[in-house]
1. Does ALA81 fit the bill of being surrounded by fewer than 16 Cβ atoms within 10 Å (Cβ to Cβ), modelled with pLDDT under 95, touching a helix residue (DSSP H, G or I) at 6+ places or on another chain (Cβ under 6 Å) and not in a helix (DSSP H, G or I)?
2. Taking the conditions exactly as written (assigned to a strand (DSSP E or B) and in contact with a Leu (Cβ under 7 Å, 6 or more places away or on another chain)), does ALA93 satisfy them or not?
3. Mind counting the residues in the range 1-51 that are among the small types (Gly, Ala, Ser) and in contact with an Asp or Glu (Cβ under 8 Å, 6 or more places away or on another chain)?
4. Among the residues of the range 19-64, which ones are part of a strand (DSSP E or B), in contact with a helix residue (DSSP H, G or I) (Cβ under 6 Å, 6 or more places away or on another chain), over 22 Å from PHE119 (Cβ atoms) and of a type in the set (Val, Ile, Thr)?
5. State which residue is surrounded by the most Cβ atoms within 10 Å (Cβ to Cβ) when the search covers only the range 53-78 and only residues that are among the β-branched types (Val, Ile, Thr) and modelled with pLDDT under 95.
6. Determine the pairs where a residue that is farther than 22 Å from GLN32 by Cα, located within the range 146-159, has a partner that is not in a helix (DSSP H, G or I) with Cβ atoms under 6 Å apart, the partner being 6 or more residues away or on another chain.
7. Take the range 127-154 and flag every residue that is over 17 Å from ASP64 (Cβ atoms) and outside any helix (DSSP H, G or I).
8. Quick one: count up the residues across the range 91-123 that are closer than 24 Å to SER154 by Cα and among the small types (Gly, Ala, Ser).
Amino acid sequence: MAVAPILLLACGNPSRGDDALGPLLLDALADQIDPDAVECIVDFQLHIEHTLDLKDRQCVIFADASVRDVTFQFTRLTPAAALSHTSHALSPAALLGVYRSLHGEPPPAYLLGISGRSFELGAALSPAAQTNWAAATRFAQALLQGTPADIAASAAAAARIPD
């Protein structure tokens with residue numbers, strides 16, 4: 001079975017208010033993307049085992065809630081050393097660093113961080129997060145219509161837009 005060239009890996013806990021933004025984005029996109037082109041995975045947090053999901057990809061996009069005070073951000077990631085002494089709950093950059101140490105250079109990877117404000121257990125999605133999620137969903141819909149090269153160009157363009 002062939003691996004989809006693009007992996008969309010959403011992280012978040014739907015029971016913790018705005019932390020559900022990543023999984024909700026993936027839910028909104030599920031019926032609109034070609035599964036031969038994009039594989040979607042949802043998890044509460046990133047683990048060392050996710051390095052296996054990155055193998056043979058041309059592009060990886062991590063979708064997660066962010067505490068930054070912007071609607072959403074789309075940025076290119078670089079591998080980083082894991083700062084934890086455990087294999088639980090890695091950041092996307094740390095996961096790329098683990099991938100590099102195990103398998104060599106990781107595929108190009110990006111973070112779609114969607115701004116949230118309320119992360120309490122049992123909380124509903126905040127109104128601000130709902131607005132940010134809608135904007136990020138529109139962006140991701142357009143983004144995933146392109147190729148990995150188009151995605152790289154979008155990240156480069158986003159990097160030139162000041163906060």
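The values are calculated or read from the model by the stated rules, or taken from the named source; none is laboratory data. This one's a predicted model, so the numbers in the text were calculated from it and none came from an experiment. Backbone-built Cβ (ideal geometry, glycine too); neighbour counts: all protein chains shown.
1. Numbers: surrounded by fewer than 16 Cβ atoms within 10 Å (Cβ to Cβ): yes; modelled with pLDDT under 95: yes; touching a helix residue (DSSP H, G or I) at 6+ places or on another chain (Cβ under 6 Å): yes; not in a helix (DSSP H, G or I): yes.
Here the answer is yes, as ALA81 does meet what is asked.
2. On the way: assigned to a strand (DSSP E or B): no; in contact with a Leu (Cβ under 7 Å, 6 or more places away or on another chain): yes.
Criteria not met by ALA93.
3. Of the residues in the range 1-51, the ones among the small types (Gly, Ala, Ser) are 2, 4, 10, 12, 15, 17, 20, 22, 28, 30, 37.
Adding the requirement that they be in contact with an Asp or Glu (Cβ under 8 Å, 6 or more places away or on another chain) leaves 2, 4, 10, 12, 17, 22.
Qualifying residue count for the region: 6.
4. VAL60, the sole residue that qualifies.
5. Here is the first cut: in the range 53-78, the residues among the β-branched types (Val, Ile, Thr) are 60-61, 67, 70-71, 75, 78.
Next, from what is left, pick out any that are modelled with pLDDT under 95: 67, 70-71, 75, 78.
Working: VAL67: 10, VAL70: 12, THR71: 16, THR75: 13, THR78: 11.
The qualifying residue surrounded by the most Cβ atoms within 10 Å (Cβ to Cβ) is THR71.
6. Within 6 Å, the pairs are ALA158/PHE74.
7. GLN145, GLY146, THR147
8. Result for the range 91-123: 8.
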